[in-house]
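Quick notes on the structure that follows.
Read-outs throughout are calculated quantities, based only on the coordinates presented, and are distinct from any laboratory measurement. Please read all numbers here as calculations on a predicted model, not as lab measurements. Cβ atoms come from the backbone with ideal geometry, glycine included; neighbour counts cover every protein chain shown.
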Amino acid sequence: MSGNSNQKIKLLYLLDIFRKYSDEQNPLTTNDIIQYLEKVGVESERQIIDKFGDDIYIRNEPDNKNFFVSTKAFDSDGLIGWLLQFGGDIKVVSPQSLRDKLLEKIKNLVEIYKV
C-alpha cells in the first residue's frame, strides 16, 4: 500500500475516533488518539506529538461536522503559515492577538493578489 493510501486510512480512523469518542464534554488527548490508532493496528508515528506536544485536546462539535482543537503553541510566523494552509477550513477562536495577526496576513495576501 502506498504512503498516500496509508495517510487516507489514518484520516478515516481519526474521523471515526472523533465522532465516536469525543464531544463537548469529552475531549480527546494526543495520547488517547495514539492509543486508539494502535488498537486498530495503525502506526500513529509521533508526528502528532511532535507537532502539538501531548497537551492537545480535540472534541467533536455538536453539528458532527466540525472539530474543536485546543493546544498551546508559540505565536510565530511558522504558526501563521501552518494555519493558512487550511484556508477556509479553519477558524481561530482565540487568542485575539493570533486572530489579528492571521487577519493581517490574509489582508496582505489579498492585496498582493488583487486583480
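Distances over 12 Å make up what percent of all Cα-Cα pairs in the range 73-115?
Details: 558 of 903 pairs.
Cα-Cα pairs of the range 73-115 separated by over 12 Å account for 62 percent.
Work out, step by step, the length gained on full extension between Q96 and L15: first 0.36 nm times the residue separation, then minus their alpha carbon distance; give nm to one decimal.
Numbers: separation 81, 0.36 × 81 = 29.16 nm, distance 2.84 nm.
Length gained, Q96 through L15: 26.3 nm.
Report ³J(HN,Hα) in whole Hz for each residue of the range 85-92, in order, from the Karplus equation J = 6.51 cos²θ - 1.76 cosθ + 1.60 where θ = phi - 60°; Gly and Pro get x.
Per residue, the Karplus-derived 3J(HN,Hα) values read 4, 8, x, x, 8, 9, 9, 7 Hz.
Which order do the peptides 73-81, 30-38 come out in when sorted by mean C-beta neighbours inside 10 angstrom, highest first? Don't skip to the answer; put the middle values down first.
Details: 73-81: 11.3, 30-38: 16.7.
Highest-to-lowest ranking by the protection proxy: 30-38, 73-81.
How do 82-94, 15-27 rank on mean C-beta neighbours within 10 Å, highest first?
Order by mean packing, descending: 15-27, 82-94.
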